[in-house]
Every structure is written in structure tokens, then in C-alpha cells.
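Chemist: Submitted below is the structure of interest, expressed as C-alpha cells.
The values are calculated or read from the model by the stated rules, or taken from the named source; none is laboratory data. Keep in mind the model is a prediction, meaning the values are calculated, not measured. Here the Cβ positions follow ideal geometry from the backbone for every residue, glycine too, while neighbour counts run over all protein chains shown.
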Amino acid sequence: MMRLPVLLAVAAFVLASCTHAAPTAAPSPSSPAGKGSNAELLADALAQADRAASAGDDTGLARPLAMIAALDARPLDAEGQAGLERWRRRSPDTTAPLRGRTLGPGYRHGTLNAGGDLRIEQTFLSGQKASIALSTPDGAKLRLQVVDGAAHPVCQYEAASPSCEWIPIYTQRHVIRLINPGRRKTRFYLVID
């Protein structure tokens, strides 16, 4: 169950997203109706922060950074950590970050070449909901595939922001595979919760 500060931060983020439209930002192709899991919210916030930073909209970084902090997300690699620190330095927001769950979601940032393929292994616990979400700042479609330790498919989606949620029967390693079926290189954010 989410704590009150996280719920307030999520509500503020959703309301702010509805009322704030930066003149340099295009409408988010990765924000379809129905987004709601922490992984999906985080993937969308990461893509929004990337778009704001790319557009030079330092003020526009404040809301997605607040969401990232409220979800207590942490980068899973050095490149993601460096990117988050760059965004924080550029953002004029100096409020103290809100803290959510003790173990929040983690994320990874990277680039996939046209036809590129990335495999990541992750252990998920039996009986606990697992969530994976993927987003791209430019709205490019990527394919997300997840298979369990016995090589049984858990999910497979191809979309601008695919996501997957399930409850593993056994604690075991899963293989997460990202594929870029497009003809151009694209940046991505992968969120694992």
C-alpha cells in the first residue's frame, strides 16, 4: 500500500501534467489513458524528464524529478545515475524529495540501435507483483519480452511504451529482452519494480 506522501505526489504529478504544457514539448506519446502502476508512472516521468532536458526546459524537469523521487526510484547502472544527477543539477526545484516505499523501483537508461537487442536478467519474488515498463523520449516503438526461468513466456508487447505486470508463482530469474524493430537508434528507459 502506498504511503500518503507518495499518493499526494502522484496526484500532484497527474494534475500538473494535465494543466502544464511546455511550449517546447510535444504531447507525450507514452501517456495513454490507463497508466497507473508505479513502473508505468516512473517510465513516463523518465521520458518527460528526458524530453524537458533535451528541449532545454530546466523548469520542466521539476515535475518529473518530483515523481521519480516520490517513487523512490534508483538507477540500476552508472549511466542512469549520471543522467539523474545532471537533471537534478539543472532543475530549479530545491524542495526536499518525498520518500515512498522502502524498496522502490529501479530503472535503466540506454540506447538501442536499429534492430538492436538487449537482454537483462532479473530475479522476481514468488507471490509479489512484478512490473516492468519501457518508455522512449521520442515515442519510438520497442518490443518488450519477458520469459521465466523455465523459458515460458510471461509477456510480449510492441508499443511506444509497453509494460508488463504479473505475479510470479516461483522465486526465479527472468530474462527481460528489449528489441528495437525500427530503422533508427532510440533512447529508452526500462523500469523494473
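Chemist: Might you check whether a residue that is touching a residue at least 12 places away in the same chain (Cβ under 8 Å), over 15 Å from Pro105 (Cα atoms), surrounded by 15 or more Cβ atoms within 10 Å (Cβ to Cβ) and not assigned by TED's automatic domain parsing to the domain that holds Gly36 occurs anywhere in segment 123-135?
Modeler: No, because not a single residue in segment 123-135 is touching a residue at least 12 places away in the same chain (Cβ under 8 Å), over 15 Å from Pro105 (Cα atoms), surrounded by 15 or more Cβ atoms within 10 Å (Cβ to Cβ) and not assigned by TED's automatic domain parsing to the domain that holds Gly36.
Chemist: Would you please list the contacts, defined by Cβ atoms under 9 Å and residues six or more apart or on different chains, that run from a residue in segment 70-92 that is within 23 Å of Ile132 (Cβ to Cβ) to a residue that is in a helix (DSSP H, G or I) and among the polar types (S, T, N, Q)?
Modeler: Final answer for the pair search is Leu71/Asn38; Ala73/Asn38; Arg74/Gln81; Pro75/Gln81.
Chemist: For segment 171-182, state whether one or more residues are within 19 Å of Ala43 (Cα to Cα) and in contact with a helix residue (DSSP H, G or I) (Cβ under 8 Å, 6 or more places away or on another chain).
Modeler: Within segment 171-182, not a single residue is within 19 Å of Ala43 (Cα to Cα) and in contact with a helix residue (DSSP H, G or I) (Cβ under 8 Å, 6 or more places away or on another chain).
Chemist: Report yes if some residue within segment 124-133 is within 12 Å of Ile192 (Cα to Cα) and at pLDDT below 85; otherwise report no.
Modeler: There is at least one residue in segment 124-133 that is within 12 Å of Ile192 (Cα to Cα) and at pLDDT below 85.
Residues are listed down the side, and each one gets a yes or a no for (1) in contact with a strand residue (DSSP E or B) (Cβ under 9 Å, 6 or more places away or on another chain); (2) surrounded by 13 or more Cβ atoms within 10 Å (Cβ to Cβ); (3) modelled with pLDDT under 90; (4) of a type in the set (Ser, Thr, Tyr):
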residue	(1), (2), (3), (4)
Ala150	yes, no, yes, no
Tyr157	yes, yes, no, yes
Glu165	yes, yes, no, no
Ile176	yes, yes, no, no
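Chemist: Pro162 versus (1) touching a residue at least 40 places away in the same chain (Cβ under 8 Å); (2) touching a Leu at 6+ places or on another chain (Cβ under 7 Å); (3) under 19 Å from Ala43 (Cα atoms): which is the lone unmet condition?
Modeler: If we test Pro162 against (1) touching a residue at least 40 places away in the same chain (Cβ under 8 Å); (2) touching a Leu at 6+ places or on another chain (Cβ under 7 Å); (3) under 19 Å from Ala43 (Cα atoms), just (1) comes out false.
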